[in-house]
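Here the structure is laid out as structure tokens; the discussion comes afterwards.
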Amino acid sequence: MIAHLFNAPIGEDEIAVGVGTVGSSEAIMLAGLAFKRKWQNKRKAEGKPYDKPNIVTGANVQVCWEKFARYFEVELKEVKLSEGFYVMDPVKAVELVDENTICVAAILGSTLTGEFEDVKLLNELLLKKNKETGWDTPIHVDAASGGFIAPFLYPDLEWDFRLPLVKSINVSGHKYGLVYAGVGWVVWRSKEDLPEELIFHINYLGTDQPTFTLNFSKGSSQIIAQYYQFIRLGFEGYKNIMENCRENAKALKEGLEKTGKFEIVSKDIGVPLVAFSLKDSSMHTVFDIADNLRRFGWIVPAYTMPANAEHIAVLRVVIREDFSRSLAERLITDIQKVLADLDHRATKIVTSVSLETAKNADVAVVKKTVEETEQEIISHWKSLVNKKKTSGVC
């Protein structure tokens, strides 16, 4: 069912294969192993060295890609990000490809901003390079978040097995697959893309059962739940839910823009989430906002971007099936309350610091530069934070 959703080739000799996994992390490990083993087999057959495999990704990849590279001894070649461009640049990615590259990993739904990377352009550029060099570097699509979104919201977007170099795709059932945590999937374009020596066969349960997994005993509840959701909701059901998520994300985005305080970092096409940064961080930061939102029951992550864009800090709200329009409106109201409170406190601090300084110096109040005021505010906030820190388990 998932292979069909991802437009896998259908024919007598074209049969997609796949496995259920514990989240997308295991799925990525298995896909990476398949690419590494296939590359090694090809290099051995050609009598070439096969001890220095590498994989090309963007710096925005999820940590499981770093785990794969470290655990299975594969060099990770990352395309750095830049301000205003927070996904992998296909042109720069293809430039990093060499004869030791086992695959290029593209993300359909970046963890940081929800943006879809341009897999179609990557496929075109890589086809050209493969033709020029004689290599056959493939593509893996990490669709952990976007795999259950794009087929329903953007059916004409070419990112899946419609592109010839896409050999495997992973997706998380517990994200937008609408299943509780613990299930992922990885699908290979055909049997030829999964080396047979990685598959084990057992028959002690009464019949031949092929297995390719890093995990051992695990429950079947998530598999059953995923199958139930497919049957219960169908294509139209998933489509309606994803459209509703997109509309609620749009409402949240518009509400944040109306405050005049934020710059929206996420894109309209992608995972239904809203990532946003402060236009002016001189009085308070996104981390202050995240901390104060907890008073209203919200846990909104604040974080900095990866290498080459570390100076950009954002807040992110992921819109799921149970995030209603009324919740979006409530969050906007609570953010406005937090902003008003932070502005009020910052004004009091500036006034207090200025008067105290003037009193001690026995001179008239002198207007400070923006940089001096900002430094005083930061120092004051740091002292408050240090007082709040506790040790031990809460």
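The values are calculated or read from the model by the stated rules, or taken from the named source; none is laboratory data. Being a predicted model, the structure only gives us computed values, none of them experimental. Cβ sites come from the backbone with ideal geometry, for glycine too, and all protein chains shown count toward neighbours. Surface areas here come from the heavy atoms of the whole protein model, side chains and all, with no ligands, DNA or RNA. Shrake-Rupley method; radii C 1.70, N 1.55, O 1.52, S 1.80 Å.
Quick notes
- Rounded to the nearest 20 debye, dipole of segment 22-115 from Cβ charges on Lys, Arg, Asp, Glu: 480 debye
- For the chain, with +1 on Lys and Arg beta carbons and -1 on Asp and Glu, the positive-most of Trp39, Asn292, Ser145 along the dipole: Asn292
- Spatially proximal aspartates and glutamates relative to Lys279 (Cα-Cα < 12 Å; intrachain offsets below 8 disregarded): Glu257, Glu263
- Taking a straight Cα-Cα cut-off under 18 Å and skipping sequence neighbours fewer than 8 places away in the same chain, the aspartates and glutamates within cross-link reach of Lys261 are Asp280, Asp288, Asp291, Glu329, Asp334, Asp341, Asp343, Glu374.
- Of Lys92/Lys167; Lys77/Lys129; Lys80/Lys191; Lys36/Lys92; Lys36/Lys120; Lys42/Lys218, those spanning more than 25 Å from alpha-carbon to alpha-carbon: Lys80/Lys191; Lys42/Lys218
- The alpha-carbon atoms of segment 140-248 define a convex hull whose volume equals 130 cubic angstrom per residue.
- Taking all protein chains as shown and a probe of 1.4 angstrom, Thr211 keeps an accessible surface of around 50 Å².
- Residues with amide H under 5 Å from that of Gly184, placed H, sequence gap 5 or more: Thr21, Val22, Gly23, Gly173
- When only alpha carbons of segment 22-71 are considered, Rg and Dmax amount to 12.3, 37 Å.
- Apolar share of the accessible surface for the chain: 54 percent from carbon plus sulfur atoms, 1.4 Å probe.
- At 1.567 mPa s and 4 °C, Stokes diffusion of the chain via Kirkwood alpha-carbon radius, µm² per second: 55 µm²/s
- Take the Cα radius of gyration of segment 1-132 and divide it by 2.2 N^0.38 Å, N being the number of residues; the result is 1.10.
- Highest-MSF residue in the chain out of Ile223, Ile107, Ile199 [GNM, Cα springs under 10 Å]: Ile199
- Overall, the chain carries a charge dipole of about 960 debye about its Cα centre when +1 sits on the Cβ of Lys and Arg and -1 on the Cβ of Asp and Glu, all other atoms neutral.
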